[in-house]
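Here, each number is a calculation from the coordinates, and none is a lab measurement. The structure displayed is predicted, hence computed values, not measured ones. Positions of Cβ are generated from backbone atoms using ideal geometry, with glycine treated the same way; all protein chains shown enter the neighbour counts.
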Amino acid sequence: MSLIQIIIFSSGIMLALGIVFGIGLGYFAKVFKVQENPLIDEILEILPGANCGACGFSGCRSLAEGITSGKASIDTCRVGGEETVKNLAKLLGVSTDNISYEKYIAIPLCKGGKSLAMKNATVKGVKTCKIANNLKLNEKICTYGCLGYGDCVLVCPFNAIKMNDEGLPEIDPSLCTGCGLCVKECPREVIEIFPYKEKVLAICKNSEKGSAVRNACRVGCITCYVCEKKCPKNAIKMVNNLPVIDIEKCDLCGICINVCPTKTLSLIKALSAKENGKK
Amino acid sequence: MRNLINIFKNGIIKENPVLIIMIGLCSVLAVSTSVVNALGMTLAFSFVLIGSELTISIIRKFVPKTIRIPIFIVVIGSFTTIMSLFLQAYLPDLNKSLGIFVPLVVVNCIIIGRVEAFSYRRGVIESLFDALGMSVGYGIVIVSIGFIRELLGNGTILGYQVFGPNYNPALFFILPPGAFIAIGIEIAILNRFLSKPKKVKEDGQDK
Amino acid sequence: MSELQSLMNIFISAAFAQNFVFIRYIALCSFVGMTTSMENAIGMGGAVTFVTVMASILSYVVYQFILVPLHLEYLQAIVFILTIAVFVQLVEIYLKKAVPSLYKAMGIYLPLIATNCMILAVALLNVTENYNLLEATVFSFGASIGYVLALVVLAGIRERLRYVKIPSILKGYPIIFFIAAFIAVAFMGLQGIAR
Amino acid sequence: MKNSKEIVRLGLILGLICLIAGFALSATYSITKDKITEQQRKALVQAQKEIFPDATEFKKIEIAETKVGSATLKELYECLSENENILGYIATASTPGYGGNIIFVLGVNSDFSVKGVKVTEQTETPGLGANIAKSQFLEQFNGKTLNDEFVVKKDVKPVTSATISSRSITNGIKEILNFTSKNVKEASK
């Protein structure tokens with residue numbers, strides 16, 4: 001195999017492979033184009049794209065999706081470092097002083113504290129939410145609400161969550177960055193991420209009806225439809241026995257909050273530490 | 001000029017590829033059985049990293065979005081193969097001790113990470129400094145682990161007996177588990193002295 | 001009988017005796033990054049298994065029918081990684097459009113795999129051990145089972161890490177490496193079983 | 001159709017870059033090609049020289065790579081002294097060891113006794129199994145013939161705490177010795 005032959009064959013093979021793959025990729029990209037939120041591609045543009053999974057997301061694309069849907073803060077990606085965070089901040093139009101951005105915070109959707117939710121057992125075993133949930137060790141009758149063993153407190157990297165004496169997590173809005181670790185951690189998904197804007201929320205996850213809720217918790221939503229009927233803007237719809245408030249329509253008039261027999265609905269702004277958990 | 005020095009320093013401490021960003025671990029643990037291997041690997045790695053970052057930042061104008069990964073891989077792959085050919089020809093025993101990790105440099109997450117994050121978007125000089133910074137950062141880690149493992153596991157440094165002939169070496173450090181422990185200690189030390197606020201988030205994750 | 005026995009031998013040595021993560025140190029980047037939660041680990045494991053087996057068949061075909069007849073074996077590293085990267089990108093594009101549900105479950109891990117060291121390592125080892133097609137497939141399957149095993153074991157432990165008091169200096173990654181070290185000792189015990 | 005032009009453009013760009021890469025690679029390959037083959041042979045030639053110092057020529061016997069029991073014979077050479085008489089044979093073979101394959105060179109005298117053994121490549125556990133490559137362990141095989149048992153702890157002293165490695169190299173030598181003597185007997189008949 002003389003040298004010339006080697007050179008010709010190698011370059012020939014590489015050229016052939018290159019062209020075949022190039023055209024293949026181009027064709028596939030065109031034929032299988034998928035319409036997606038353009039913001040994801042813009043963010044992906046800025047992320048290093050190393051897909052190394054160091055941020056816990058499974059690659060830059062899912063991190064980009066996480067950032068667009070607000071699940072991940074813009075400095076989750078460490079590979080890109082400062083530069084990526086600055087560009088992301090420029091793109092999303094947020095200030096970069098303490099990398100605060102369109103603020104999201106986590107809100108625990110349960111008011112059934114010790115004094116409000118009825119108990120029918122006392123648990124002696126390991127006191128962690130995951131274990132209690134898996135082994136069905138329920139002290140409270142309500143099996144949707146917060147177990148109160150503080151898994152979320154443990155996992156929060158910013159120490160934003162404290163358990164109040166009612167046995168419910170209180171999240172300090174100034175510390176919480178909405179990173180979502182507590183959401184993943186809570187076995188009953190009691191905690192959810194919301195933009196930190198004026199908003200009315202149903203602080204209950206119990207999707208059962210009337211009496212079942214009534215004898216489980218004094219502040220649970222008994223699906224009485226009063227809020228849906230009374231809302232002047234009819235911004236409230238009952239979805240599997242829990243009211244969902246449409247942000248655009250709702251003008252925070254507060255009628256639903258007062259009219260709700262079990263005081264389940266609350267105004268989110270007011271929902272700083274003290275409001276949560278007390279009747 | 002200030003900015004270039006920053007980029008260079010950045011690669012060593014603030015964004016040290018192996019200890020902070022936690023990528024490119026495969027070669028670090030596998031090859032650091034001795035300082036000589038570690039140095040050999042660092043040289044091979046730096047040649048490929050510097051070569052790829054420079055080439056990519058030169059041709060970054062012509063690289064279309066859809067096929068940028070294959071193009072990066074071809075560039076990095078060719079530098080790796082050139083390096084491995086030279087290694088086989090002129091340094092056969094180093095090539096034998098590095099073994100399969102010579103061709104594996106092409107998938108080393110650091111190179112592809114830095115090429116995408118940095119040189120695909122920045123100028124040539126900046127890419128050069130970033131590559132140098134990253135290589136030095138990578139080299140410091142792998143050589144230090146190699147030093148610990150060779151000293152404890154083999155009783156020698158660069159092949160010279162240190163503890164006298166009848167030192168019976170703690171073989172543990174040459175074997176795979178020793179590597180994990182060594183890098184664990186190294187990160188712990190870094191945590192201890194360089195614990196920046198950003199670290200809190202990372203530690204918190206597994207508190 | 002001895003044919004099947006040698007295949008079993010290859011499988012066991014790839015999955016346990018010469019485990020790719022704990023003994024050969026391959027694919028540690030995703031190993032550390034992706035074991036934060038169990039479903040990440042399983043999703044990643046499934047995707048890696050699929051891609052490794054397909055890629056090893058693909059690279060075997062490319063090697064035997066293009067590189068060997070033309071005596072261009074030295075090109076194997078770059079040709080393999082190119083085919084793997086393009087294959088992964090094609091699968092990702094195809095899955096995103098045709099099977100969105102599967103894409104949601106497995107596809108998000110695909111971009112991670114193009115830069116995963118294990119796929120290329122398996123393809124290269126198929127060549128150095130000059131396995132035939134069947135042996136290569138069994139070897140790649142064994143290797144990915146070993147990888148999934150490693151991911152799942154560490155993910156399981158890492159999830160329970162929350163409820164344990166860890167000295168502050170070891171928090172974060174050092175403790176994970178120590179745990180990996182202990183598991184590696186266990187895997188080293190398995191080294192003698194397959195020959 | 002605009003995007004078919006786009007697709008072709010992508011193909012050409014990737015093709016062009018691969019072409020340049022291919023060209024660069026083949027250039028380096030052609031420079032280093034003979035150096036590499038020479039390096040690979042150097043290890044083998046050096047081992048052969050050590051086993052048969054007075055042999056001047058090593059004629060390769062055309063024999064396919066055959067599986068002998070658990071070991072595999074890779075190459076077989078005839079060692080000839082100046083006046084062309086056969087001093088013995090050199091076989092390169094590999095046997096699966098504890099950590100991976102052990103590649104070794106076995107020198108066989110014309111009377112089919114072991115002239116010498118050299119381990120050229122092994123991935124045994126460093127410090128333990130790796131000692132099988134050392135001469136104190138390998139020299140004990142010199143002079144052994146087919147009617148020796150080749151059993152560890154009986155007529156072969158194993159390397160401490162590396163019985164699996166010692167046993168695999170011992171029966172590798174036994175099988176290759178057995179195979180070379182049988183094979184050469186047929187050839188010389």
Charge dipole of the protein assembly as shown built from unit charges on the beta carbon (Lys, Arg +1; Asp, Glu -1), centred at mean Cα; most positive-end Cα among B:L132, A:G180, A:P243 is A:P243
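On average over all directions, what projected area in square nanometres does the protein assembly as shown have, based on the convex hull of its Cα atoms?
43.8 nm²
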Hey, what angle do you get for helix D:163-188 against the long axis of chain D, alpha-carbon based, 0 to 90 degrees rounded to 10?
80 degrees
Among B:V28, B:V63, B:V105, which one moves the most in a GNM of chain B with springs linking Cα atoms closer than 10 Å?
B:V63
14 Å beta-carbon shell around A:I131, net charge (K/R +1, D/E -1)
+3
Can you classify the range A:109-258 as rounded, prolate or oblate using the Cα gyration tensor, where a ≥ b ≥ c are the square roots of its eigenvalues, rounded means a/c under 1.5, and otherwise it's prolate if a/b beats b/c and oblate if not?
oblate
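How would you rank A:I105, B:I7, going from fewest to most other Cβ atoms within 10 Å of each one's own Cβ?
Values: A:I105 19, B:I7 23.
Listed from fewest to most nearby Cβ atoms, that is A:I105, B:I7.
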In peptide B:112-122, what is the residue-averaged number of other protein chain Cβ atoms found within 10 Å of each Cβ?
5
Sorted by Cβ density within 10 Å, fewest first, the residues C:Y25, C:Y60
C:Y60, C:Y25
Rounding to the nearest 10 and keeping the result within 0 to 90°, find how far the Cα-based axis of helix D:2-51 lies from the longest principal axis of chain D.
20 degrees
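Once you average over the residues of C:85-95, how many Cβ atoms of partner chains fall within 10 Å of each Cβ?
Numbers: counts 12, 13, 2, 1, 9, 7, 1, 4, 10, 3, 1.
Mean partner-chain Cβ count within 10 Å for C:85-95: 6.
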Whole-Å semi-axes of the range D:110-189's equivalent ellipsoid, largest first, each the root of 5 times a Cα gyration tensor eigenvalue?
25, 13, 10
Between A:K197 and A:N138, the two model label points (7 Å from Cα along the beta-carbon direction) sit apart by a distance in nm of 3.5 nm
For the range C:154-195, taking Cα atoms only, what is the radius of gyration to one decimal and the Dmax to the nearest whole Å?
13.1, 43
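Can you sort B:F147, A:F57, B:F62 so the residue with the fewest Cβ neighbours within 10 Å comes first? Show your work: numbers first, answer last.
Details: B:F147 17, A:F57 26, B:F62 10.
Final ranking by Cβ density, sparse to dense: B:F62, B:F147, A:F57.
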Where N is the number of residues in chain C, Cα Rg divided by 2.2 N^0.38 Å
1.09
Take the Cβ-Cβ distance between D:K154 and D:I63 as r, set R0 to 30 Å, and report the resulting FRET efficiency rounded to the nearest 0.05.
0.45
Using only alpha-carbon positions, what ratio does the radius of gyration of the range C:42-111 give when scaled by 2.2 N^0.38 Å?
1.26
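What average count of beta carbons from other chains do you get within 10 Å of the Cβ of residues in B:14-21? Could you put the intermediate results ahead of the total?
Working: counts 2, 6, 0, 1, 0, 1, 5, 11.
Average per residue, whole number: 3.
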Note the angle between two axes, namely the Cα long axis of helix C:76-98 and the longest principal axis of the Cα atoms of chain C, as a number of degrees from 0 to 90, rounded to the nearest 10.
70 degrees
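With a Förster radius of 60 Å, plug the Cβ-Cβ distance of A:L175 and D:S70 into 1/(1 + (r/R0)^6) and report the FRET value to the nearest 0.05.
Numbers: r = 64 Å, r/R0 = 1.07.
So, using R0 = 60 Å, E works out to roughly 0.40.
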Looking at this model, which pairs from A:K86/A:K263; A:K184/C:K96; C:K96/C:K171 are more than 32 angstrom apart at the alpha-carbon?
A:K86/A:K263; C:K96/C:K171
With each label point set 7 Å from Cα along the Cα-Cβ vector, what nm distance links A:V244 and B:I59?
5.0 nm
Can you give me the pair-distance distribution of the range B:40-163, C-alpha pairs, 10 Å bins, whole percents?
13, 38, 30, 13, 4, 1
